[in-house]
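Data first, discussion second: the structure below is written as structure tokens.
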């Protein structure tokens, strides 16, 4: 097992994860990247995607995350994201409904539709559905 470090994942509403991990893989704006213990300090902007971590006991956890930031310090990584859900806890029906709503808004081509916002909602919903399915297959 690699050396461990503290990881905390926060959203505006709650602390999603706070514990010791051996590694993580995060969705950066220019692609996925990994962080091990003693990584050089850095700040990275995160995109909507899959966030994976390996806990102290070796268990792997997946989270659906949306836009935010990750800061690597000496012995702690802090993640601040708009939204995060552990893959196994995703409400599939809610995610499908969100995907359908976003798709309807985009297809309507109505002038009052905020296209960028609808596209972001569609990406978030699709990410949640993909990770829920991945989690279901891994059980």
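Bear in mind that the values in this text are calculations on the coordinates, not laboratory data. If you're wondering where the values come from, they're calculated on a predicted model, not measured in any experiment. Here Cβ is always computed from backbone atoms with ideal geometry, including for glycine, and neighbour counts include all displayed protein chains.
Quick look at the numbers
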read-out	value
Options 105, 96: the member that is touching a residue at least 12 places away in the same chain (Cβ under 8 Å) and either within 14 Å of residue 131 (Cβ to Cβ) or in a strand (DSSP E or B) (or both)	96
From 88, 22, 49, 58, residue being in contact (Cβ under 8 Å) with a residue 40 or more places away in the chain and crowded, with 18+ Cβ neighbours inside 10 Å	49
